[in-house]
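Heads up, the thing below is written out as structure tokens.
Just so it is clear, none of the values below were taken in a lab; they were calculated from the coordinates. These numbers come from a predicted model, not from an experiment. Cβ coordinates were reconstructed from backbone atoms using ideal geometry, including for glycine residues, and neighbour counts include every protein chain displayed.
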Amino acid sequence: MTIEAAALPPAIYGVATSSYQIEGATDVDGRGDSIWDTFGRVPGNVVGGDTGETGCDHYHRLSEDLDLLAWLGVDSYRFSIAWPRVLPDGERVESRGLAFYDRLVDGLLDRGIRPLATLYHWDLPQALETAGGWASRETVERFATYARVVAEHLGDRVGDWSTLNEPWCSAFLGYDVGVHAPGVRDPARAIAATHHLLLAHGRGTRVLRDVLGPDASIGLVINPAPVRPASDAAEDVEVVALADGMRNRVWTDPVFRGVYPDDVLAAWEPLADLAALHRDGDLDEIAAPVDVLGINYYTPLYVGARAAGHEGASPAGPGQDHVVELSGPPPASAMGWSIDPTGLYDLLTRLDADYDVPMAITETGGAFPDAPDEDGRVDDTDRIAYLDGHLEEFARAARDGVDLRAFYVWTLLDNFEWAEGYRRTFGIVRVDRDTMRRIPKRSAYWYRDLLAARTVRPTG
Ligand code: FCB
């Protein structure tokens, strides 16, 4: 039994992708290197030595992919813009890069699909990383310039915007743990990156508002998680609060309240020169009003105390070595992530209670084994169950009064899953890696039928 169309809350339904994961064509039309191009060239950084060089060849198959979106019947498509296509060295504007996004946006509008553009989904121009990357305050200025160039170019046709996608990953996976580009392992730089990403969001929001006016919808996309203790033992329960601060409140408190959480600041104090980093006026900029908070949700975060005998890595957080990230209870997706749709409900109701902000699910979905049959088709009932469960909890949160505006499935196409390369597939459409042929999985037909069965459609 899966969710009925009539049970879906009135909202925008769509699918999401990101530039580096699907576009390919990394050296075409003047595009510069991004940090993911550089990172992927280092053996050992990405499983199987995979890179985004080919991606899904979306750059060259744009109209086919637009037709696929139209076939799915989505209301909206969430994509990201590749900064190094638009400003290859971080400074010079490349009009051929902008022209690609003209074709994308115009193609969506021609098909009646509403574009949601994300400015930064992790592909920082390498030239800016060489100059210090997100650990440098200068990158904030560069981001503001980039935001203005893109908004001035596409703002007449795109009304929905996000500044950043999952800054937690950029800051902690990129600069603390080093498993994502740029592969740095330096807690002080991760703390600096956190601040500069927040500031880039705030300044970018101001630029977007200035260029686009009051009618545009502007937001930030984060990947918060409900944090759960590994056991009922007091030591395990005690570390939940700090892990919550590092994963969740460090983004939402500055953006919605204009303050950093005290417990996080205390953990960072010994590791970084916070007085030099956090300048007067920064928090006011970071707290620029936003219209919607984008939530990417896949799994709860389970933590325990090292002192209680748990071993493993800290859940990415400078100053929390005593906290250990643990795997959650089964079942799990192919990523090893515990599947728990109730976590989505818990998260949405909590964020609603604490911050009272309209929200959108900007990503949810699952990687599954996806063995194709002899015709290349994938009968992914596991993915349908995953999406169905999360839609049910989305609907329950809406019924309980949470202001929910949209739901986007991650993702349209099997693509370059960052450090996991192409081996982890999240798509509702399979991409044959030899031929690049797109083959909708059973989940694509399921989502299409569900959307088509709605009697109430979003307006405006
Ligand atoms: C999110 C990313 C997205 C994708 C999914 C599986 O963290 O935003 O690009 O990789 O995870």
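Taking every DSSP bridge with both residues inside the chain, close to 20 percent are antiparallel.
When a/c reaches 1.5 or more, the comparison of a/b and b/c decides; with that in mind, is the chain rounded, prolate or oblate per its Cα gyration tensor? Don't jump to the answer; show the numbers that get you there.
On the way: a/c = 1.32, a/b = 1.12, b/c = 1.18.
Cα axes put the chain in the rounded bin.
Pull out a ≥ b ≥ c, the square roots of the eigenvalues of the alpha-carbon gyration tensor of the range 248-351, then state rounded if a/c is under 1.5, prolate if not and a/b is larger than b/c, and oblate in the remaining case. Oblate shape, in that a/c is at least 1.5 and b/c is the bigger or equal ratio. Between Arg157 and Arg103, residue separation times 0.36 nm minus the direct Cα-Cα distance comes to 18.3 nm. For the peptides 307-315, 50-58, 233-241, residues were scored by their other Cβ atoms within 10 Å and the scores averaged per peptide; the highest-first order is 50-58, 233-241, 307-315. The range 387-460 and the range 328-377 have their alpha-carbon centroids 11 Å apart. When the scattering of the range 73-206 is computed by the Debye formula from its Cα atoms alone, each counted once and equally, what is log10 I(q)/I(0) at q = 0.10, 0.15, 0.17, 0.19 Å⁻¹? The Debye formula, applied to the Cα set alone, gives -0.33, -0.70, -0.87, -1.03. With the simple spin-label model, which puts each label point 7 Å out from Cα in the Cβ direction, the Ala234 to Asp280 separation comes to 4.5 nm.
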